[in-house]
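Scroll down for the structure; my scribbles are underneath it.
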Amino acid sequence: MRTPQSLTLNVVLVHHDEDTRRALREAFAALPEVGVLGERSDLASGIAFARQTIPDVLALELPRAMDATLSAAVEYRLAFPEAAIVFVSDRLDTDTVLRALRAGATEVLALPLNHDTLRETFERIRTQRTHREGATHHSTIVSVYGAKGGNGTSTIAANLAIGLGRENERDVVLVDLDDQSGDAAFMLGLSPVRSILDVARAANIDSTGLHDALLKHASGVHVLAQPDRREPEHGLSGEQAARILDVLSSLFDIVVADVPHVLDEFTLDLLKHSTAIVMVVEPNVPAVRACRRALEVMRRHDLLSDPQRVHLVVNRQEAHADVSLDQIHETLGLPIFATIANDYAAVQHAINNAQPLCGKGAHGKVAQDLAGLARLLLPRELAVADEVEPAEVAPPARHRFFHLLRGMGVR
């Protein structure tokens, strides 16, 4: 997981209680690259001092009678929009947190302070400030999508995450956004204690909550899993999922998302949030038909305007398949980006034994194809010298296959 670049953060501390101020001051001092510019015991003088010194972080007591403090915070944030405002309070009910966030709070912390939570908070503030001051940071969100269930998207997503991490030792996270199957953790032999739903239910989706819910695979890949038991009445909203992707992309070089098969508003929002979309299709008429229909929807939502964004991957490809690569290419109107060989026995053995196909020492055609796909998807600035070229597709020719598609309503 990425750690923020070194940047000293200056703090102004405002709290009425002397003992609490001392505890806060000592907690801040224990953090690397953090300095306390000064402290005040009352709100008015604290805000006045902050306006004079313009600290990176303004740490404010949030009392039970909070109206005056929230109003002062709003005014200060308008005057200094780049400043981080951190509230500390001995009461963190949902209403208090929501009101604080609406007033422009960067974080709301509970007293007594937890050192790890405080450290995560300042790391996040430092990361945001570093980005604003011109540090370059390139994150890639790769969504793996298939228009039909059972076409191997979860297997591809899990192995792709491992392959991407191994190629240049990048920080990679796999996030399971498919609440129907929720196989990401299972594929890698992991058992989640906290899940993506726990993150979504928090008052604020931030790096601290995500860090607590992440699992780490032996390969180094982190995983944000679905819960073991499906809870359809408490699913994620599109807004929550997008926020989770945003926070993960600030912490990792590459985010691999296993997205649902149903192309509804939720899934479309996820695809729009992606820098790359792996479109998985199998070489059979129903799968190609479903893929064609999905592409029509994606085109209407302007997801196909960038030719470098959607990558067509043919899974379970065989040399003598009834549906050829030429036919798939002409029907879908997309070049074949990559193919993955059909080896049912090897894939099932890997799944049943929670052994990734791209794991250390893995071999076989499927493992080679998945590793090749990972190399193809590496961002340009991370790509290795022996970059794999996309699969060549011969000039298409018309076949009886197209009459089958038209007979099923596909034009």
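The values are calculated or read from the model by the stated rules, or taken from the named source; none is laboratory data. Model, not experiment: these values are computed from the prediction. Glycine also receives a Cβ, built like all others from the backbone with ideal geometry; neighbour counts cover every protein chain displayed. Each accessible area value is taken on the protein alone, full model and side chains, heavy atoms only, with ligands, DNA and RNA left out. Shrake-Rupley method; radii C 1.70, N 1.55, O 1.52, S 1.80 Å.
Only one of the listed residues (Ala27, Ala44, Ala48) is in contact (Cβ under 8 Å) with a residue 40 or more places away in the chain, within 26 Å of Leu98 (Cα to Cα) and of a type outside the set (Asp, Glu). That residue is Ala27. Among the residues here, Asp269 qualifies as farther than 30 Å from His363 by Cβ, open to solvent by 40 Å² or more (accessible area, probe 1.4 Å) and touching a Gly at 6+ places or on another chain (Cβ under 6 Å). For the stretch 35-73, taking the residues that are open to solvent by less than 40 Å² (accessible area, probe 1.4 Å), within 14 Å of Val11 (Cβ to Cβ) and of a type in the set (A, V, I, L, M, F, W, C), the one that is nearest to the chain's Cα centre (by Cα) is identified as Val57.
Against the test of being without any contact (Cβ under 8 Å) to a residue 12 or more places away in the chain and of a type in the set (Asp, Glu), the options Asp228, Asp264 yield a single qualifying residue, Asp264.
None of Asp264, Asp198, Asp253, Asp228 is modelled with pLDDT under 85 and charged (D, E, K, R) except Asp228.
Going through the stretch 60-106 one residue at a time, which ones are closer than 23 Å to Ala23 by Cα and charged (D, E, K, R)? Across the stretch 60-106, the qualifying residues are Glu61, Arg64, Asp90, Arg91, Asp93.
Can you tell me which residue is surrounded by the fewest Cβ atoms within 10 Å (Cβ to Cβ) among those in the stretch 197-237 that are of a type in the set (D, E, K, R) and within 15 Å of Glu120 (Cα to Cα)? Restricting to residues being of a type in the set (D, E, K, R) and within 15 Å of Glu120 (Cα to Cα), the top hit is Asp212. On inspection, Glu169 passes the criterion of being of a type outside the set (Ser, Thr, Tyr), within 30 Å of His363 (Cβ to Cβ), open to solvent by 30 Å² or more (accessible area, probe 1.4 Å) and modelled with pLDDT under 85. Among the residues of the stretch 179-196, the one identified as in a loop (DSSP other than H, G, I, E, B) and either aromatic (Phe, Trp, Tyr) or crowded, with 23+ Cβ neighbours inside 10 Å (or both) is Leu188.
Look at His329 and say whether it is outside any helix (DSSP H, G or I) and at negative phi. Taking the combined requirement at face value, the residue does not satisfy it. Is it true that Ala100 is farther than 21 Å from Asn204 by Cα, assigned to a helix (DSSP H, G or I), of a type outside the set (Asp, Glu) and open to solvent by less than 70 Å² (accessible area, probe 1.4 Å)? In short, no. When each of His363, His349 is tested for being assigned to a loop (DSSP other than H, G, I, E, B) and under 27 Å from Gly189 (Cα atoms), the lone residue that passes is His363. I'm checking my understanding of the structure. Among residues of the stretch 14-34 that are farther than 15 Å from Val86 by Cβ and under 35 Å from the mean Cα position of the chain (by Cα), which one is modelled with the highest pLDDT? If we take residues in the stretch 14-34 being farther than 15 Å from Val86 by Cβ and under 35 Å from the mean Cα position of the chain (by Cα), then Glu26 is modelled with the highest pLDDT. Any residue that is crowded, with 16+ Cβ neighbours inside 10 Å and at pLDDT 90 or above - is there at least one of those in the stretch 74-82? Yes: the stretch 74-82 contains one or more residues that are crowded, with 16+ Cβ neighbours inside 10 Å and at pLDDT 90 or above. In the stretch 120-132 there is no residue that is basic (Lys, Arg), surrounded by 18 or more Cβ atoms within 10 Å (Cβ to Cβ) and either modelled with pLDDT of 90 or more or in a loop (DSSP other than H, G, I, E, B) (or both).
Rundown of residues vs (1) outside any strand (DSSP E or B); (2) at pLDDT 95 or above; (3) closer than 19 Å to Ala184 by Cα; (4) in contact with a Ser or Thr (Cβ under 6 Å, 6 or more places away or on another chain), yes/no style:
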{"residue": "Ala257", "(1), (2), (3), (4)": "no, yes, yes, yes"}
{"residue": "Ser274", "(1), (2), (3), (4)": "yes, no, yes, yes"}
{"residue": "Pro283", "(1), (2), (3), (4)": "yes, yes, no, no"}
{"residue": "Ala287", "(1), (2), (3), (4)": "yes, yes, no, no"}
{"residue": "Glu296", "(1), (2), (3), (4)": "yes, yes, no, no"}
{"residue": "Leu303", "(1), (2), (3), (4)": "yes, no, no, no"}
{"residue": "His311", "(1), (2), (3), (4)": "no, yes, no, no"}
{"residue": "Asn315", "(1), (2), (3), (4)": "no, yes, yes, no"}
